[in-house]
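Report on the structure given below.
The values are calculated or read from the model by the stated rules, or taken from the named source; none is laboratory data. Because the structure is predicted, anything quoted here is derived from the model rather than measured. Cβ placement follows ideal geometry from the backbone for every residue including glycine, while neighbour counts extend to all protein chains displayed.
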Amino acid sequence: MEALEKELREAELASASTGSEMKELLLLFREDGDRRAEAEAKLRREEREERRLDEKRERDEREHVRRVEAAAVEARRQQDREDETNKRDAALRKEEAERAERREEEAERRRQFEARLELDRSEARQRHEQMLLLISSMQKSK
C-alpha cells in the first residue's frame, strides 16, 4: 500500500506540476497576446498620427498655394488697376496737350490774322494817303 500511496503522490505532484506548467504557458501566451495587441494598437496609433500629420501638411501646402495664387491674382489686379490709371492719366495728358496745341495754333492764327489785318490797314492807309496826295496835286495843278 505504501508503494501505491507513493505512486499516487508522485502522480499528484506530476499532475500539479503539469497544471502549473499549463498555467504558466497560458499566462505566457496571454502576456504575449497582450504585448502583440499593445504593439499593434501602438502601430495603428502611430499610423493614424502619421496620416493625420500628412493630411495636415497637405492641407497646409494647399492653403499656402491658394494664398500664393490669391496674392498673385491680387497683384495682377493691382497692376491692371495701376496700368489702367496710367493709361487714363496718359490719355488725359495727351488730350490736354492736344487742346493746348490747338489753343496755341488758334492763337498763332489769330496773331497772323491780326498781323495781316494790320498790314492791310497800313497798306490801305498808305494808298489812301497817296490817293489824297494825288487828288490834292491834281487840284493844285488845275
Practice problem: Taking residue 141 as the residue in question, decide whether it is surrounded by 10 or more Cβ atoms within 10 Å (Cβ to Cβ) and polar (S, T, N, Q). | Solution: no
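Here is a check on your reading of the model: is residue 5 in a helix (DSSP H, G or I) and modelled with pLDDT of 95 or more? It would help to see each step written out before you state the result.
Details: in a helix (DSSP H, G or I): yes; modelled with pLDDT of 95 or more: no.
Taking the combined requirement at face value, the residue does not satisfy it.
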